[in-house]
Amino acid sequence: MSSYTPRGYILHAPRRTMGEHEMPFMTTPEWAVAIGAIALIAWVNWYFFFAGQAPALAVAATPGSVTAEVVIEVDGGYSPNTVRVRAGQPVRLVFDRKDDSSCSEEVVIPAFNVRRFLPTGERTTIVVTPPAPGRYPFTCGMSMLRGTIIADA
Ligand SMILES: [Cu+2]
């Protein structure tokens with residue numbers, strides 16, 4: 001009855017059935033999807049632009065050891081991607097390949113003329129001896145994945 005008065009009409013107006021052209025901008029499920037998508041995009045950006053460049057460092061040189069060893073996980077990248085060793089001391093680089101991407105199937109260490117196939121699910125050991133202090137890069141077969149051996153004096 002009150003809805004027929006001018007005042008009642010105004011009170012009920014916002015609750016009237018919405019027509020096709022009166023849909024709200026987004027319903028609650030749509031907002032949830034949109035927020036989820038934004039969070040996913042933010043995470044992907046963080047993962048590729050920051051996480052991949054975070055300095056992941058392993059120190060292979062332990063005083064007194066004859067051959068230092070470091071395990072490098074290969075899974076869409078090298079982890080750690082930086083290995084510190086002693087110049088003149090042999091280091092065992094154990095590449096533990098987890099992924100089956102063709103990109104990471106080969107590891108190349110140009111300074112040591114190394115090019116090795118890394119079977120998925122296996123550990124492949126490569127022993128190198130940096131002759132002098134310096135940086136010795138290692139990459140995948142296409143130079144997309146990158147890591148560095150840093151030899152200290
Ligand atoms: Cu590659």
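No value in this document is a laboratory result; all are computed from the given coordinates. The structure presented is a predicted model; accordingly, all values stated were derived computationally and were not measured. For neighbour counting, all protein chains shown are included, and Cβ atoms are generated from backbone atoms with ideal geometry for every residue, glycine included.
Computed quantities for the displayed model
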quantity	calculated
Length gained when the stretch residue 57-residue 127 is fully extended (0.36 nm per residue, less Cα-Cα span)	23.4 nm
Ordering of 81-90, 110-119 by packing [mean C-beta count within 10 Å, highest first]	81-90, 110-119
Amide N proximity, segment 112-129 versus residue 102 label position 7 Å along Cα-to-Cβ, cut-off under 19 Å	116-121
